[in-house]
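The values are calculated or read from the model by the stated rules, or taken from the named source; none is laboratory data. Computed from a predicted model, the values in this text were never measured in an experiment. Cβ coordinates were reconstructed from backbone atoms using ideal geometry, including for glycine residues, and neighbour counts include every protein chain displayed. Heavy atoms of the whole protein, side chains included, go into the accessibility calculation; ligands, DNA and RNA do not. Shrake-Rupley method; radii C 1.70, N 1.55, O 1.52, S 1.80 Å.
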Amino acid sequence: MTTIFRKSVLSVAGLAFAGGVFAGPIAAHANPVDAKPAAVAVQTSAPKPQGDQSHISLNGEQTANVKAIIAATKKAGLPERAAVISIATSLQESKLENLGHLGDRNDHDSLGLFQQRPSSGWGTPEQITDPEYSTTAFLKGLKQVDRWQDMPLTDAAQTVQVSAYPDAYAQWEQQATDLVGQHWNS
């Protein structure tokens, strides 16, 4: 029985090889005028944005915070995808504004670009409101997430942030991607 199976596999392999040998010369003589360019799929490591996307216009302070997040990401030696996740997270948490104490509008002690909490061990209020420190703290958490580079942005952000609204990060992926594309090399 194994001999029959082995002969079958070898026969199929032989036919495939022979087909390639004969098809190669035929394809080489095809009329190039009739040839149409083949579509090329570009493989990116980042998944496509999920769901409806949101967008806000940024002021000078928000743009400076984008640049600070990108600089901290580069300093940490992480790729653009980490900056996209960080910026999308900050867009959701603070609209890229470095939030101080919000008083009665804040049900916890959340501060800074990522609404990190001193009581949860993210750092002191002064540290958390420093864009480089808060981004580095977020990235430290992100690096601890297995396969964060390959997972949907909202899952990676949620694993670090533990938000009451875990799917909310996804809506900012396109704008974050655009911002990183615009500022990564500037």
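Taking region 126-147, which residues are open to solvent by less than 10 Å² (accessible area, probe 1.4 Å) and in contact (Cβ under 8 Å) with a residue 40 or more places away in the chain? Before the answer, list the steps.
First, pick out the residues of region 126-147 that are open to solvent by less than 10 Å² (accessible area, probe 1.4 Å): 128, 134-135, 138-139, 142.
THR135, PHE138, LEU139, LEU142, listed by residue number.
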- prompt: So how many residues does region 101-123 have that are touching a Pro at 6+ places or on another chain (Cβ under 8 Å) and either closer than 29 Å to GLN53 by Cβ or modelled with pLDDT of 95 or more (or both)?
  reply: 3
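Of all residues in region 134-158, how many are under 10 Å from the mean Cα position of the chain (by Cα) and β-branched (Val, Ile, Thr)? Can you show your working first?
Start the filter on region 134-158 by keeping residues that are under 10 Å from the mean Cα position of the chain (by Cα), which leaves 148-154, 156-157.
Of the ones still in play, those that are also β-branched (Val, Ile, Thr) are 154.
Residues meeting the conditions: 1.
Scan region 127-135 and give yes if some residue there is out of contact with any strand residue (DSSP E or B) (no Cβ under 7 Å at 6 or more places or on another chain) and among the hydrophobic types (A, V, I, L, M, F, W, C), otherwise no. Break it down stepwise before answering.
The first filter runs over region 127-135 and keeps only residues out of contact with any strand residue (DSSP E or B) (no Cβ under 7 Å at 6 or more places or on another chain), leaving 127, 130-133, 135.
From the residues that got through so far, the ones that are among the hydrophobic types (A, V, I, L, M, F, W, C) too are none.
Checked against the condition, which is being out of contact with any strand residue (DSSP E or B) (no Cβ under 7 Å at 6 or more places or on another chain) and among the hydrophobic types (A, V, I, L, M, F, W, C), region 127-135 yields no hits at all.
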- line: Note: among ALA83, ALA88, just one is of a type outside the set (Phe, Trp, Tyr), at pLDDT 95 or above and in contact with an Asp or Glu (Cβ under 6 Å, 6 or more places away or on another chain), namely ALA88
field: Subset of region 160-186 [within 14 Å of the chain's Cα centre (by Cα) and among the hydroxyl-bearing types (Ser, Thr, Tyr)]
entry: TYR169, THR177
- request: Please tell me if ASP109 is touching a helix residue (DSSP H, G or I) at 6+ places or on another chain (Cβ under 6 Å), among the acidic types (Asp, Glu) and open to solvent by less than 60 Å² (accessible area, probe 1.4 Å).
  value: yes
statement: Note: among GLY123, GLY77, just one is out of contact with any Gly (no Cβ under 8 Å at 6 or more places or on another chain), within 20 Å of LEU179 (Cα to Cα) and surrounded by fewer than 22 Cβ atoms within 10 Å (Cβ to Cβ), namely GLY77
